[in-house]
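Contents: one structure, followed by commentary.
The numbers here are math on the coordinates, done by the rules we state, and not lab data. All values derive from a computational prediction rather than experimental measurement. All Cβ positions, glycine included, derive from the backbone under ideal geometry; neighbour counts span all protein chains shown.
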Amino acid sequence: MRVALHTKVRADRIPAYEAAHREVPAELTDAIRAAGATSWTIWRSGTDLFHLVDCADYGHLLAELEKLPVNVAWQARMAELLDVVHDYSEAGSEAGLPVVWELP
């Protein structure tokens, strides 16, 4: 499945956010893959962040990561940089941004 997400970085924390993503811990990327993600891309437009996640099951992905110590530490780090954080309560089928259009 493909899930699009929207978060927001604090304007004064953009450089720190981008620096953090240049050094995502291998333990975290390994855990994300093990939880079923095949890709995760983040784009930034101003302070808006758009994520595109390809995974087997987004609910399962979040359940696997939610309490994992390396992810808990990463989310705490991100919470210092973001105005709108990734919402782990949206793990169901309605998670993410609604699809408006796809090229047929």
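Some observations on this one:
- Looking across the stretch 1-40, just one residue is without any contact (Cβ under 8 Å) to a residue 12 or more places away in the chain and under 12 Å from the mean Cα position of the chain (by Cα), and that is Thr29.
- The one condition in (1) free of Cβ contacts under 8 Å to residues at least 24 places away in the same chain; (2) under 13 Å from the mean Cα position of the chain (by Cα); (3) surrounded by fewer than 16 Cβ atoms within 10 Å (Cβ to Cβ) that Pro98 fails to fulfil: (2)
- Any hit, the stretch 74-81, residues being within 11 Å of the chain's Cα centre (by Cα) and among the charged types (D, E, K, R): no
- Test: residue in the stretch 61-79 that is touching a residue at least 24 places away in the same chain (Cβ under 8 Å), out of contact with any Asp or Glu (no Cβ under 8 Å at 6 or more places or on another chain) and among the basic types (Lys, Arg): yes
- Some residue of the stretch 35-48 being touching a helix residue (DSSP H, G or I) at 6+ places or on another chain (Cβ under 7 Å), under 25 Å from Glu18 (Cβ atoms) and either of a type in the set (Gly, Ala, Ser) or loosely packed, with under 14 Cβ neighbours inside 10 Å (or both): yes
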